[in-house]
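A short worksheet on the structure shown next.
The values are calculated or read from the model by the stated rules, or taken from the named source; none is laboratory data. Values in this document were obtained by computation on a predicted structure and should not be read as measured data. Here the Cβ positions follow ideal geometry from the backbone for every residue, glycine too, while neighbour counts run over all protein chains shown.
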Amino acid sequence: MDTSYIERDCTIELQERKFEAGGAVVTDDILIAYPAANGILADWHGAVIGRWNILSYWPVRSCYGSTMYSIEAFVNDIRYVGRGFGVNMILKAKRSPRQ
């Protein structure tokens, strides 16, 4: 099954300068996406690509947040597990067998 997805055109303009962000990437082995509210997994532009939920969490000292989450996400019925700082923050995950 080919689940490859690479998001394009992730550029914003601020004060007449352009900045390009890495968008969502989905393959059979890796996932880079953005957890949104209500369990929706989105790409950089906000399009729904799957769903997510929190497996566990713990406090951290970071400039990005105070809580790290272990997150499972599902895209095209493939389960990915990774870590992230939660809603609207990037999630990087690897394919994982269902439990």
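Consider Ser56 against the criteria (1) small (Gly, Ala, Ser); (2) assigned to a loop (DSSP other than H, G, I, E, B); (3) over 10 Å from the mean Cα position of the chain (by Cα): it satisfies all of them except one. Which criterion is unmet?
With (1) small (Gly, Ala, Ser); (2) assigned to a loop (DSSP other than H, G, I, E, B); (3) over 10 Å from the mean Cα position of the chain (by Cα) applied to Ser56, the lone miss is (2).
Is one or more of the residues making up region 33-51 aromatic (Phe, Trp, Tyr) and touching a Lys or Arg at 6+ places or on another chain (Cβ under 7 Å)?
Initially, region 33-51 is screened for residues aromatic (Phe, Trp, Tyr), giving 34, 44.
This time we only want the ones that are touching a Lys or Arg at 6+ places or on another chain (Cβ under 7 Å), so: none.
No - not one qualifying residue is present in region 33-51.
Checking Asp9 against (1) assigned to a loop (DSSP other than H, G, I, E, B); (2) within 22 Å of Ser96 (Cα to Cα); (3) not basic (Lys, Arg), which single condition isn't satisfied?
(2)
Which members of region 52-74 meet the condition of being at pLDDT 95 or above, under 17 Å from Ala33 (Cβ atoms) and surrounded by fewer than 15 Cβ atoms within 10 Å (Cβ to Cβ)?
Asn53, Ile54, Leu55, Ser70, listed by residue number.
Of all residues being at pLDDT below 95 and of a type in the set (Val, Ile, Thr) in region 75-84, which is farthest from the chain's Cα centre (by Cα)? Just the residue, please.
Ile78
Inside region 40-75, can you point out the residues that are among the aromatic types (Phe, Trp, Tyr) and within 15 Å of Ile90 (Cβ to Cβ)?
Step one: list which residues in region 40-75 are among the aromatic types (Phe, Trp, Tyr), which gives 44, 52, 57-58, 64, 69, 74.
Result: Trp44, Trp52, Tyr64, Tyr69.
For the subset of region 1-36 comprising residues that are more than 15 Å from the chain's Cα centre (by Cα) and aliphatic (A, V, I, L, M), which member is nearest to Asn76 (Cα to Cα)?
The extreme case among them is Met1.
Which pairs have Cβ atoms under 7 Å, sit 6 or more apart or on different chains, and link a residue in region 1-30 that is surrounded by fewer than 14 Cβ atoms within 10 Å (Cβ to Cβ) to one that is of a type in the set (Val, Ile, Thr) and modelled with pLDDT under 85?
Lys18/Thr11; Phe19/Thr11; Phe19/Ile12; Glu20/Thr11; Asp28/Thr3
Could you go through region 25-39 and let me know if any residue there is under 15 Å from Gly84 (Cβ atoms), among the aliphatic types (A, V, I, L, M), outside any strand (DSSP E or B) and in contact with a strand residue (DSSP E or B) (Cβ under 9 Å, 6 or more places away or on another chain).
The answer is yes, given that some residue of region 25-39 is under 15 Å from Gly84 (Cβ atoms), among the aliphatic types (A, V, I, L, M), outside any strand (DSSP E or B) and in contact with a strand residue (DSSP E or B) (Cβ under 9 Å, 6 or more places away or on another chain).
I'd like the full set of residues that are within 26 Å of Glu20 (Cα to Cα) and free of Cβ contacts under 8 Å to residues at least 24 places away in the same chain, limited to region 42-65.
Ala42, Gly46, Ala47, Val48, Arg51, Ser62, Cys63
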